[in-house]
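Quick notes on the structure that follows.
The values are calculated or read from the model by the stated rules, or taken from the named source; none is laboratory data. Because the structure is a prediction, the values reported are computed rather than measured. As a convention, Cβ positions derive from the backbone with ideal geometry for all residues, glycine included, and neighbour counts pool all protein chains shown.
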Amino acid sequence: MHYPEVASGLYVASPSGRPSLSKVCVLERDLEANQTRVEVEIQSGRPHQIRIHLAFAGHPLCGDPLYGIGGIPKLCESVPIDASFAEDGGYQKPVRPVPGDCGYHLHAHRLIFCHPSTNEMVEITAPLPPILKTRKELVKETF
């Protein structure tokens with residue numbers, strides 16, 4: 001599918017596509033905000049994999065400018081600027097975001113891969129931004 005400003009178009013879940021697997025674990029449910037924090041482990045690393053799989057299952061990422069419920073791309077929709085966006089110290093959200101822009105809450109907390117030259121396993125961990133921490137993690141930090 002074509003999306004303005006995205007040369008190669010969008011990816012979608014398709015029976016004819018390459019196989020991919022996402023393991024999802026619920027960390028915290030916020031019924032008041034109708035949001036759930038999850039941890040996702042991917043095995044295959046396909047483009048937009050987490051976003052598409054969660055949206056396809058009926059749980060799109062908060063603020064995702066491209067994928068809605070069912071994993072269907074939102075084509076050319078105008079996305080309003082969210083004034084609360086920078087609460088995690090992020091960048092100003094673009095009016096018409098494209099993949100790679102800020103706006104949805106997705107963070108690579110831990111990456112593990114085999115180094116291409118040394119064949120050693122490499123693990124990189126990046127701390128979670130406050131907006132992605134559970135209430136329990138935030139309380140623990142204050143003590």
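Consider region 27-37. How many of its residues are outside any loop (DSSP other than H, G, I, E, B) and surrounded by fewer than 15 Cβ atoms within 10 Å (Cβ to Cβ)?
Selection size over region 27-37: 5.
Collect the residues in region 14-51 that are charged (D, E, K, R) and under 15 Å from Thr134 (Cβ atoms), keeping them in residue-number order.
Hits for region 14-51 are Glu28, Arg29, Asp30, Glu32, Arg37, Glu39.
Could you tell me how many of the residues in region 44-67 are among the aromatic types (Phe, Trp, Tyr) and surrounded by fewer than 18 Cβ atoms within 10 Å (Cβ to Cβ)?
Qualifying residue count, region 44-67: 1.
Would you call Pro65 in contact with a Pro (Cβ under 8 Å, 6 or more places away or on another chain) and in a loop (DSSP other than H, G, I, E, B)?
Answer is yes for this residue.
Out of Ser8, Ser20, Ser78, Ser14, report the one residue that is in a loop (DSSP other than H, G, I, E, B) and at pLDDT 80 or above.
Of Ser8, Ser20, Ser78, Ser14, the one residue that is in a loop (DSSP other than H, G, I, E, B) and at pLDDT 80 or above is Ser20.
If you check every pair at least six apart or on different chains, which have Cβ atoms under 7 Å apart with a residue in region 122-143 that is farther than 23 Å from Cys62 by Cβ and modelled with pLDDT of 85 or more first and a residue that is surrounded by 10 or more Cβ atoms within 10 Å (Cβ to Cβ) and aromatic (Phe, Trp, Tyr) second?
Note: pairs meeting the criteria are Val122/Phe113.
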